[in-house]
Amino acid sequence: MLLFGLLNRVYIQVFHIPLKAMAAQFLNRLGQLGLGVAVVGGVINSALYNVDGGHRAVIFDRFAGVKNQVSGEGTHFFIPWVQRPITFDIRSRPRNIPVVTGSKDLQNVNITLRILFRPIPDQLPRIYTILGVDYDERVLPSITNEVLKAVVAQYDAGELITQREIVSKKVSEDLTRRAEQFGVILDDISITHLTFGKEFTQAVELKQVAQQEAERAKFLVEKAEQQKKAAIISAEGDTQAAVLLAKAFGSAGEGLVELRRIEAGEDITYQLARSRNVIYLPQGQGTLLQLPAQHVTPTVRTRSGS
């Protein structure tokens, strides 16, 4: 207390201001300075906007309209309450678009296209002015229907299946050219789904069954032809064999018959020699029952007694 009173007297004699009043004045100025800094910081913060990676921004001015300048990635300034930034995603995004159309032969065709699209950055002011932020909802379904109906009508149902790659290429070229008119780039276009109506599907199934039956009938006809040819060839062989035998009998007489008989006997003997149920009895040998021996030629007996 004594030190404070001494300092108070010194400040009064030097600055003619009490110490308490001077401290209050300092704190008041410090508060005003802090308030000013806060106001300035708030104004500066409200005048900044960020553009993330893969995005672009256009500025809408209340007095001049949409500016042609496109803001890139990073932090940028704008005039609060006068200007407003509009951000666009310029990265490729997928979208599936189903379309029902008709083929050249008047068949219903259900097609689904998968499209990867993105806007052209330099044309973002024009896209926002004409189409708005939801440009893809306004453009892609309409031009996809238009192009698909024009292309599919050039092919019949069978060609859409067998020439699918050609159809996909034609759709991609026409749709890409059409989308560029609206400032949209199509990075990829593919047909992910292709079906036909129930009537066409049933007709295809019936056609397949008829083709299978026709192939089976063709196979049976070819088999019968082959059997017929085999029978003819066999009959011709028998005829030729008979002619040759007749010629042989005419030239050789009974000698050929004896030769055939000897060959047949050799074959029978060979077959009996391989059989386990055969017993050979020499000439003059009786049986196990000691039956009276008879003068017979050598015979062949089996174990069964025959």
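Residues in region 139-167 that are in a helix (DSSP H, G or I) and touching a Ser or Thr at 6+ places or on another chain (Cβ under 7 Å): L148, K149, V152, A157, L160. Would you check if there is a residue in region 126-135 being under 19 Å from I189 (Cβ atoms), of a type outside the set (V, I, T), at pLDDT 90 or above and within 27 Å of the chain's Cα centre (by Cα)? No. Residues in region 81-112 that are open to solvent by 80 Å² or more (accessible area, probe 1.4 Å), farther than 23 Å from V171 by Cα and in contact with a strand residue (DSSP E or B) (Cβ under 7 Å, 6 or more places away or on another chain): R84 only. Whether a residue is among the small types (G, A, S), surrounded by 16 or more Cβ atoms within 10 Å (Cβ to Cβ) and at pLDDT 90 or above was assessed, and S190 does not pass this test.
Does A224 satisfy being of a type in the set (G, A, S), at pLDDT 70 or above and closer than 30 Å to T162 by Cα? In short, no.
Scanning region 126-140 for residues that are more than 15 Å from R93 (Cα to Cα) and open to solvent by less than 40 Å² (accessible area, probe 1.4 Å) yields a count of 3.
Evaluate region 168-186: report whether one residue or more is part of a helix (DSSP H, G or I), open to solvent by less than 40 Å² (accessible area, probe 1.4 Å), modelled with pLDDT of 90 or more and of a type in the set (D, E). Yes, region 168-186 contains at least one residue that is part of a helix (DSSP H, G or I), open to solvent by less than 40 Å² (accessible area, probe 1.4 Å), modelled with pLDDT of 90 or more and of a type in the set (D, E).
The values are calculated or read from the model by the stated rules, or taken from the named source; none is laboratory data. Being a predicted model, the structure only gives us computed values, none of them experimental. Counting neighbours? That spans all protein chains shown, and the Cβs are built from the backbone with ideal geometry, glycine included. Remember, those area values only see protein heavy atoms, side chains included, never the ligands or the DNA or RNA. Shrake-Rupley method; radii C 1.70, N 1.55, O 1.52, S 1.80 Å.
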